[in-house]
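A short worksheet on the structure shown next.
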Amino acid sequence: MKKHVFIVNAHPDDLIGAAALAFIVSERPEYALHIVDFSHGERGLASKGVSLEECAATRTAEEKEACAMLSVEPVFLNEIDGECCASRETCEQLAELFRQNPPSVVIAHWPVDRHVDHCICGAATLNALRFANMKPEVYFQHQTHQTVAMPFMHYVGFGQRIMDLKATLCRKYVCQSGNAMAERKICEGRFMGWKANAPYAEGYGSYHAPLTGMHSFFEDLPAVTL
C-alpha cells in the first residue's frame, strides 16, 4: 500500500521550498505524492497591471508544467491570492482530499510566516487534519525570507542531480522570475547542505524536537548520492 505524502502550498511556485523532497519522494515506489495549492496566485502580476484572471491562468499553467516533472497533477482549492482564509469550506475541502488518500506525511507552511497567505494555509492544513480526524507526521517547509523563527528539526540532504532538477523546476515559474528563484535556491541549498553535511539540503521545521526512539519519515529517505 502506498504511503501518501501531501505538500500543501498557498500559491503556485511555493513548491520550490520542498521541491528536492518532492523529487526524492516521487522517485520512491512506496510513496504517492500529492500537491495542493490554496490559490491560483491571482495577484502575482498585479504590479504589471495583469488582471487576476489572466495571472491565474498563467500561474496555473506554470504550476502544472512544474508538477509534470514530478508526474503529479496539482489540485487547486478556491482561495484567492492575497485573500486566503481558513474558512470551514476550504478546511473541509482539504479534509476530503485527506480522507480520499489518508496521508502518512503532510508538508505545510510554517504558521507564522511573514506572508499572511502562508499563515492561513498552514493553520487551515492543521484544521483540515482535525476535521479528518487524522494525525500523520506534519512538517513545515522553508520559504526564504518569509519563514520567521522556524526551528530546523530535520534536513533532507541531496546531490547535484536533485539540485539540477530543483533548479529546472524553479525556472518553470517564468512569470515569477524563475531564473532568479533557481539561483537563490542553489545558494540556500549549499548553505543548508553545509549544516547537514551534504552537497545540498532542504531544512524542515516541526512542532516536536527529534527524540531518541521516535521514528521520522526523514529516516526512510535514501542516503545522499551525487
Original post:
Out of segment 1-39, which residues are crowded, with 24+ Cβ neighbours inside 10 Å and in a loop (DSSP other than H, G, I, E, B)?
Top reply: ALA10, HIS11, PRO12, ASP13, PHE38, SER39
**OP:** Give me a count of the residues in segment 96-150 that are within 25 Å of MET181 (Cβ to Cβ) and polar (S, T, N, Q).
**Re:** 6
Original post:
Mind checking which residues of segment 63-88 are in a helix (DSSP H, G or I) and closer than 28 Å to LYS3 by Cβ?
Top reply: GLU63, LYS64, GLU65, ALA66, CYS67, ALA68
**OP:** Quick one: which residue in VAL25, VAL5 is in contact with a helix residue (DSSP H, G or I) (Cβ under 6 Å, 6 or more places away or on another chain) and of a type in the set (Val, Ile, Thr)?
**Re:** VAL5
Original post:
Within the group ALA180, ALA149, ALA167, ALA223, which residue is among the small types (Gly, Ala, Ser) and surrounded by 15 or more Cβ atoms within 10 Å (Cβ to Cβ)?
Top reply: ALA167
Original post:
Does ALA46 satisfy the condition of being farther than 22 Å from LEU165 by Cβ, surrounded by fewer than 16 Cβ atoms within 10 Å (Cβ to Cβ) and touching a Cys at 6+ places or on another chain (Cβ under 8 Å)?
Top reply: yes
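Is it the case that TYR173 is touching a residue at least 40 places away in the same chain (Cβ under 8 Å), of a type in the set (Phe, Trp, Tyr) and closer than 30 Å to SER47 by Cβ?
Details: touching a residue at least 40 places away in the same chain (Cβ under 8 Å): yes; of a type in the set (Phe, Trp, Tyr): yes; closer than 30 Å to SER47 by Cβ: yes.
Considered against the rule, which asks whether it is touching a residue at least 40 places away in the same chain (Cβ under 8 Å), of a type in the set (Phe, Trp, Tyr) and closer than 30 Å to SER47 by Cβ, TYR173 comes out as yes.
Only one of CYS67, CYS91, CYS84 is in contact (Cβ under 8 Å) with a residue 60 or more places away in the chain and surrounded by 19 or more Cβ atoms within 10 Å (Cβ to Cβ); which? Working first, answer last.
On the way: CYS67 fails: in contact (Cβ under 8 Å) with a residue 60 or more places away in the chain; CYS91 fails: in contact (Cβ under 8 Å) with a residue 60 or more places away in the chain.
The match here is CYS84.
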Original post:
Can you tell which of GLY159, GLY193, GLY189 is free of Cβ contacts under 8 Å to residues at least 40 places away in the same chain and not aliphatic (A, V, I, L, M)?
Top reply: GLY193
Subject >> Enumeration of residues in segment 42-62 that are of a type in the set (S, T, N, Q), at pLDDT 90 or above and assigned to a helix (DSSP H, G or I) >> reply: THR58, THR60
Original post:
Can GLU65 be described as acidic (Asp, Glu), modelled with pLDDT of 95 or more and more than 23 Å from CYS121 (Cα to Cα)?
Top reply: no
**OP:** Filter segment 111-141 down to residues that are modelled with pLDDT under 95 and within 15 Å of GLY203 (Cβ to Cβ), then give me how many there are.
**Re:** 1
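The values are calculated or read from the model by the stated rules, or taken from the named source; none is laboratory data. The model shown is predicted, which means the values in this text are computed figures rather than measured ones. Cβ: placed from backbone, ideal geometry, glycine included. Neighbour counts: every protein chain shown.
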